[in-house]
Amino acid sequence: METISRVHAKALTAWGGEHPEAVVLSGDLTASCEADGFRDAYPDRFLSMGLAEQNMLGFAAGLAREGLRPHLHTFAVFMYRRALDQFEMSIAYPNLPVRVFGFLPGVTTPGGASHQAINDIAVLRSLPNMTILEAGDATDVESMLPLANSIDGPVYCRMLRGALPRIFPAEDKLVLGRARSLSEGDDIALFSTGICTEEAMRVVHVLKERGLSVRHLHVTTLKPFDDPQVLEACRTARHGVITMENHTRVGGLGACVAETIAENGLGVRQIRVALDDTYLQGASPKFLMKRYNIDAGALVRAVETLIGRDLAISEADISQARIDTYIDDKQQEAL
């Protein structure tokens with residue numbers, strides 16, 4: 001699997017060269033959110049707003065009203081938690097074209113509860129006019145900018161940084177409201193998003209070897225959530241549905257799918273592989289995914305629960321996880 005470094009940094013700089021109306025704002029985390037390339041290339045269209053996220057969102061609203069296209073960069077927790085009132089009243093309520101890039105979702109930081117955005121989708125899904133996108137690989141990140149800027153209104157992008165795998169072909173760009181189909185089957189419907197898709201892919205081939213066919217969809221649009229593939233997959237799944245996400249089980253992908261099942265009157269069981277209703281400790285993503293049951297092993301246990309039998313799948317049977325030791329030379333800390 002190809003691994004690419006600083007994907008968003010390259011995409012953002014290239015986008016800026018083609019779109020003079022694009023303005024980038026940073027919450028004092030410019031290199032950490034890969035906005036430094038844009039800063040260096042277009043200093044007259046870059047603003048470092050400091051540790052003042054509420055002011056940054058309000059300022060961005062003013063820029064959008066003047067016809068510019070602000071792109072906000074900081075850690076996700078500081079956008080939706082610290083500045084929620086400004087997010088809602090200054091941007092979502094007037095339906096302004098502000099693109100918010102929230103980094104370090106869920107377990108992707110060792111920073112502990114103060115830095116881990118574990119319920120951002122749940123909070124921002126509740127805001128009218130919001131569109132929510134989540135990246136799962138380098139191709140998703142590369143195509144996030146053009147998709148976000150094609151939407152009339154505010155967009156929240158749940159972003160990844162650093163060295164990323166290319167799971168999907170470079171030409172397989174994001175499409176609003178359209179999941180990627182990764183495998184076909186009618187025994188189990190499996191929906192995954194973000195970094196959990198790579199974990200799910202480590203298991204699906206083993207399940208097929210055990211005689212289970214899996215329809216696996218990689219979901220990148222969390223709001224609006226109206227992809228007809230989701231309903232079709234739920235309706236045809238013989239054993240039931242599993243959702244897998246790097247987010248609390250309250251209000252994220254699992255909740256989106258459960259709402260779809262309920263609203264359409266489907267009598268199908270669903271198991272949610274998600275973070276429990278708890279704050280996380282600080283540790284590596286690999287440790288946290290296993291500790292909080294959102295890794296490949298957790299998916300195996302969910303399948304066994306769904307079908308009611310032991311599949312005798314060991315860790316040795318599961319494909320190896322991508323090992324990444326890359327640390328960017330401009331990124332001096334793990335946060």
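We did not get these values from a lab; they are worked out from the coordinates using the rules stated. No experiment lies behind these values; they were computed from the predicted model shown. All Cβ positions, glycine included, derive from the backbone under ideal geometry; neighbour counts span all protein chains shown.
For region 188-232, what are the residues that are small (G, A, S), surrounded by 23 or more Cβ atoms within 10 Å (Cβ to Cβ) and assigned to a loop (DSSP other than H, G, I, E, B)? The one that is small (G, A, S), surrounded by 23 or more Cβ atoms within 10 Å (Cβ to Cβ) and assigned to a loop (DSSP other than H, G, I, E, B): G194. The residues on offer are E66, E88, and the sole one that is of a type outside the set (S, T, Y) and either surrounded by 16 or more Cβ atoms within 10 Å (Cβ to Cβ) or in contact with a Phe, Trp or Tyr (Cβ under 8 Å, 6 or more places away or on another chain) (or both) is E88.
This table checks each residue for (1) crowded, with 17+ Cβ neighbours inside 10 Å; (2) over 25 Å from the mean Cα position of the chain (by Cα); (3) under 30 Å from S319 (Cβ atoms).
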| site | (1), (2), (3) |
| --- | --- |
| M1 | no, no, yes |
| V23 | yes, no, no |
| D36 | yes, no, no |
| A52 | no, no, no |
| H71 | yes, no, no |
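Annotation: C157 fulfils all but one of (1) touching a Leu at 6+ places or on another chain (Cβ under 8 Å); (2) not in a strand (DSSP E or B); the unmet one is (2).
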